[in-house]
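One structure is given here, and the rest of the page talks about it.
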Amino acid sequence: MQFTVFPTLAIYLKLKARATSSSHSKDGKQQGFDNVAFQIDEPRIVENGRRTYYPGDSTNTLDAQVIEPEKNRATWNNSVEFLMSCIAVSVGFGNIWRFPFTAYENGGGAFLIPYVILLFLVGKPFYFLEMIIGQFSGNSSVKVWSMSPGFIGIGWAQFCSTVALATYYSSLMALTFYYLIASFSAELPWATCLKEWGDTCVDSSTKRNHSAEEGNVHIFNNLLNNSSNKLQSSAELYFSRVVLHEKESIDDGIGWPSWKLTLCLLVSWTAVCIVLFQGVKSSGRFSYFLAIFPYIVLISLLIRAVTLDGAMSGILFFVTPKWSKLLEPNVWYAAVTQCFFSLSVCFGSIITYSSHNGFKHNIYRDVIIITSLDTITSFLAGCTIFGILGNLAYELGIEDISKVVKGGAGLAFISYPDAIAKFNLLPQFFAVLFFVMMFVLGVGSAVGMATGIITVINEQFPKLKTWQIVVPTCFLGFLIGTVYVTPGGQFILTLVDYYGTSFVVFILASFEMTGVIWIYGFENFLEDLEFMLDRQPSVYWRICWLIITPLILITIFIYTVVTLSPLTYGGISLPESAHAAGWTILCIGILQIPLWMLIAILKNRKLPLAQMLKKAFVPANGWGPREVQQCKNWKIFKEERARIREKRIQPIWKQIFYVLFNMEPK
């Protein structure tokens, strides 16, 4: 360890000033309701690019902590690349197949009301908060918790959830790529039945004979009824028997990976690896294509969809409100869940992306653009999908469009292929368009997840080059992903999605909001934002961050626990061993929080208990802007604000009220 010796006079004057300030603070005045630890790591002297701290009240230069400069952090080539990258990671599979089905299932047009409300109360505030702490610190979702070291477990728990999400997300990309290759056939392979599928199969390319009598279309009613021996479309059988080779249960194991899907999985991870090979420098260049191309295809498909027979019936079915649904709590739960996952918050990607920005970059503008565009995309996708499903219902000769709707992956790999097989004009062309769009959307989101993982690893091993982390990470992701391309892979995907991401994300979100706003300090957070962007947030943002968003997140978590139901896939219960594996995955993520909290406390075990606890949750010595000059200016700014706080005489509750409504406490 190297130590730098500084003039003792400067140290004495600094400590003398602090002692004077401390004496003024003992006159009975309220000191504010925030973490005041910013004053414990002074003085700071910068020399030869290094930061030196004198912990606590130490006057001994041997107690100094010298922080060696890290290698220059990669930044976006320009601000547009950051915007495009955030759009690419936030707009993904969930907008295309999850939103339309969720909206339909929860009241159609009425669902848009709670969705938009919760977008403003939860989605936008959380997205903005993650961008702020990422850009301010210039660190990943793990290292950003130097603001409160006791909460670093949140970052590691998010890392675990992101690994789980990225590995099964890539398997969906593999399915998409499989369909993309199949779409180049002279005849779409899911359009007609194979002999081995028996008499219960109906060609997806078969259309309703509109000149036939009603008695001649009974086959379609049999196809759609719920009897145990119902007929099945060739698109559904193609997905389950040809693509997945799906098992009826996994009681006897999940089977071996399909070699075709394994190759598709390899292509998916190779695409991610190529985009990330040089980190944000290369992914930024690809972001233009990853963000813009899907919109070109989506608009093309929307134009085609609205010109199909029966399309308007499908769109009206999608947007027609069912007002009674607004009184059901599960609709509001579905709305906030969709909003949360659609924006990709709480998985570390947004924090990581924003950490590569310039310190003064206008993220407020980007937040408004991205969150609004995400909602518009979901609505456009809903109109497109339901326009095509409306045509499918028309061709089948039924009025109830709900009978042709399948949720989740079934919407992308069964309902849509089934509908597109009935197109008169170039069905292969529109199939290629759709699956190219889906694959590009998948790459954009997967790149964001992988970036979060790679950045965390890079911070732990800073001497490694970017490609030395990217290649092994993608290869490991590929190996883990082979589990999902087995005959029982969809069972495992459902299990990991439930225990590894869906259930755990609201726990992490609640802790993240608590750690930033209530432990690090609401007023400290606002001051950091003001210093970085030279603007104060409005009352809307303040009320959401301090009160509304945390309450909604806690309520969602409680509701999730209370309404827990046995996990099934396709109506089939999973074996006990699968649930045991699921709980293990859940515990690996959640237990990171108390584990790292305990470590942070025990690091200072030589101190008295009260100081030991306080030390674990006050900002670490290295907390602050990444650039040395910005960090120096920030310290001066914080000292000025600390002096203003010392003069306050109001009770803490009244200070909170004043700060909340953007008034100066007295």
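General observations
- Count of residues meeting criterion [exposed (fewer than 15 other Cβ atoms within 10 Å of the Cβ) and either of a type in the set (A, V, I, L, M, F, W, C) or in a helix (DSSP H, G or I) (or both)] in the stretch 640-653: 6
- Residue, nearest to Val144 (Cα to Cα), within the stretch 548-567, restricted to residues that are out of contact with any strand residue (DSSP E or B) (no Cβ under 9 Å at 6 or more places or on another chain) and free of Cβ contacts under 8 Å to residues at least 12 places away in the same chain: Leu551
This table checks each residue for (1) touching a Phe, Trp or Tyr at 6+ places or on another chain (Cβ under 8 Å); (2) buried (at least 24 other Cβ atoms within 10 Å of the Cβ); (3) assigned to a helix (DSSP H, G or I).
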| site | (1), (2), (3) |
| --- | --- |
| Asn330 | no, no, yes |
| Gln338 | yes, yes, yes |
| Ile350 | yes, yes, yes |
| Gly358 | no, no, no |
| Ile376 | no, no, yes |
| Gly382 | yes, yes, yes |
| Ala393 | no, yes, yes |
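Matching residues to (1) part of a helix (DSSP H, G or I); (2) surrounded by fewer than 24 Cβ atoms within 10 Å (Cβ to Cβ); (3) touching a residue at least 24 places away in the same chain (Cβ under 8 Å):
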position: Ile132; (1), (2), (3): yes, no, yes
position: Trp145; (1), (2), (3): yes, no, yes
position: Cys160; (1), (2), (3): yes, yes, yes
position: Leu165; (1), (2), (3): yes, no, yes
position: Ala174; (1), (2), (3): yes, no, yes
position: Trp190; (1), (2), (3): no, no, yes
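- Filter result for Phe82 (within 25 Å of Pro294 (Cβ to Cβ) and in contact with a helix residue (DSSP H, G or I) (Cβ under 7 Å, 6 or more places away or on another chain)): yes
- Some residue of the stretch 395-412 being modelled with pLDDT of 80 or more, more than 30 Å from Pro125 (Cβ to Cβ) and either among the polar types (S, T, N, Q) or buried (at least 24 other Cβ atoms within 10 Å of the Cβ) (or both): no
- Near pairs, Cβ below 6 angstrom, 6+ apart or cross-chain, from the stretch 522-534 (under 13 Å from Lys360 (Cβ atoms)) to any residue that is surrounded by fewer than 19 Cβ atoms within 10 Å (Cβ to Cβ): Glu530/Gln536; Phe531/Phe637
- Condition check for Trp583 on (1) in contact with a strand residue (DSSP E or B) (Cβ under 9 Å, 6 or more places away or on another chain); (2) within 30 Å of Pro487 (Cβ to Cβ): one failure, at (1).
- Elements of type helices (runs of 4 or more DSSP H) in the stretch 496-608, at least 2 residues being in the same structural domain as Met147 (by TED's automatic domain parsing) and either charged (D, E, K, R) or closer than 25 Å to Arg648 by Cβ (or both): 522-533, 539-543
- Any chance Ile117 is farther than 25 Å from Ile401 by Cα, surrounded by fewer than 22 Cβ atoms within 10 Å (Cβ to Cβ) and at pLDDT 95 or above: no
- Pairs where the first residue, in the stretch 637-662, is at positive phi and the second is of a type in the set (A, V, I, L, M, F, W, C), C-beta under 8 Å, 6+ apart: Asn662/Val539
- Of everything in the stretch 416-457 that is crowded, with 24+ Cβ neighbours inside 10 Å and free of Cβ contacts under 8 Å to residues at least 40 places away in the same chain, the residue that is farthest from Gly153 (Cα to Cα) is Ala419.
- Subset of the stretch 277-305 (residues that are part of a helix (DSSP H, G or I) and more than 29 Å from Thr384 (Cβ to Cβ)): Val280, Lys281, Ser282
The values are calculated or read from the model by the stated rules, or taken from the named source; none is laboratory data. Everything numeric in this text was worked out from a predicted model, so none of it was measured. Methodologically, a virtual Cβ is constructed for each residue, glycine included, from the backbone with ideal geometry; neighbour enumeration extends over all protein chains shown.
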